[in-house]
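Beneath this line is the structure, given in structure tokens, with notes to follow.
Computed from the coordinates by the stated procedures, all read-outs in this text should not be read as laboratory data. Just so it is clear, the structure is predicted and the values come from calculations on it, not from any experiment. Backbone-built Cβ (ideal geometry, glycine too); neighbour counts: all protein chains shown.
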Amino acid sequence: MEDVQITKNIRKSILDMMYTSRSSHIGSCFSIVEILYTLYFRILKIRGTQFDLVVDDKFILSKAHGSVALYATLGERGFFDKKKLEEYYVDGGSLPGHLDMKSASGIECSGGSLGHGLSIGIGMAIANQKSNVYVLLGDGECNEGSVWEAVMLASHLQLANLTAIIDYNKLQGFGETNEVINQKNLHERWSAFGWNAIEVNGHNVDELEKELKRPSDKPKAIIAHTIKGKGVSFMENKLEWHYKSPNKDEYLLARSELEGAL
């Protein structure tokens, strides 16, 4: 049950940060909690002691509007004191809405504009051929042409140490992902570009771990089927929680649900 308790803690931190800062993207953050947990607690090679940790592998959160989920995970993993989470997106705070690699320990890459992370990941994979590089993208982000340029290049270079994880929650800023641009055949698309494409339940930690560890002789794409707003019933699969922040009543109701979730 440790993984359930830790992912619950991460979601509670996300909720607290979003409520205090009155900021957006809580649905996008909740959908990637299990992915980040699996990476930082089971997959990434991390050495050192609490607050002095070094990651030998590389991770890039390309959908950088999910920054709060990464901050909460890093705090839970011990990269910095969790009190720092109170400095998210507030006057005089140190944690920005989108990622700044200088703002906190454990952040490998700044981000904001969508479509850049996979290209940066290719450079890291070339430069760090003895370590693994993981890039987490949004499904809406896969509308960007720069993503597919990177997909082609990674396949051409046969970067077997590069893994892309797609948060396939099927909702993006202005509608259902497959109504904006139909991506129902994501597995077929990534496979056609020469990647080892695998579909998983993005909230099943054991399944994620198994497929992330599976050997591959070419770049790997983990298509993680997720639920936007996962963990809070009235947020799940609701488009408005891409931009909406919880009011006091919604915050208390969500906190109550998360407190009782086991």
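Pairs of Cα atoms under 8 Å, at least six residues apart: use those to get the relative contact order of the chain, whole percent.
Normalised by residue count, the contact order of the chain is 24 percent.
Roughly what % of DSSP beta bridges within segment 2-260 run antiparallel, to the nearest 5?
20
Please list 114-123, 203-212 highest first by mean number of surrounding beta-carbon atoms within 10 Å per residue.
114-123, 203-212
At 10 °C and a viscosity of 1.306 mPa s, what translational diffusion coefficient does Stokes-Einstein give for segment 119-262, taking Rh as the Kirkwood radius over Cα pairs? Give it in µm²/s as a whole number.
Answer, rounded: 96 µm²/s.
If packing is taken as the average count of other Cβ atoms within 10 Å, what order do 92-98, 178-184, 161-167 fall into, highest mean first?
161-167, 92-98, 178-184
Could you give the Stokes-Einstein D for segment 68-132 in µm² per second, using the C-alpha Kirkwood radius, 10 °C, 1.306 mPa s?
For these conditions, the coefficient is 122 µm²/s.
Let's see if you can work this out: charge +1 on each Lys and Arg Cβ, -1 on each Asp and Glu Cβ, no other charges. What is the dipole magnitude of the chain about its Cα centre, in debye to the nearest 20?
Around 320 debye, computed over the chain.
Sorting check: for 35-48, 60-73, which peptide has the highest mean count of neighbouring beta carbons within 10 Å, and how do the rest follow?
Packing proxy ranking, top to bottom: 60-73, 35-48.
Can you flag which of K8/K83; K130/K220; K84/K248; K82/K213; K45/K220; K213/K238 are past 24 Å Cα-Cα?
Exceeds cut-off: K82/K213; K213/K238.
For segment 215-257 and segment 72-117, what is the separation of their C-alpha centers, rounded to whole Å?
Value for the Cα centre distance between the two parts: 19 Å.
Report, by chain and number, residues whose modeled amide H sits under 5 Å from the one on I223, excluding near sequence neighbours (fewer than 5 apart, same chain).
I166, I198, E199, V200
Quick one, what does Rg over Rh come out to for segment 2-260 if you take C-alpha atoms and the Kirkwood Rh?
With Rh from the inverse mean 1/r over Cα pairs, Rg/Rh is 0.94.
So for segment 1-103, considering every pair of alpha-carbon atoms, how many percent are separated by more than 22 Å?
Taking all Cα-Cα pairs of segment 1-103, the fraction more than 22 Å apart is 23 percent.
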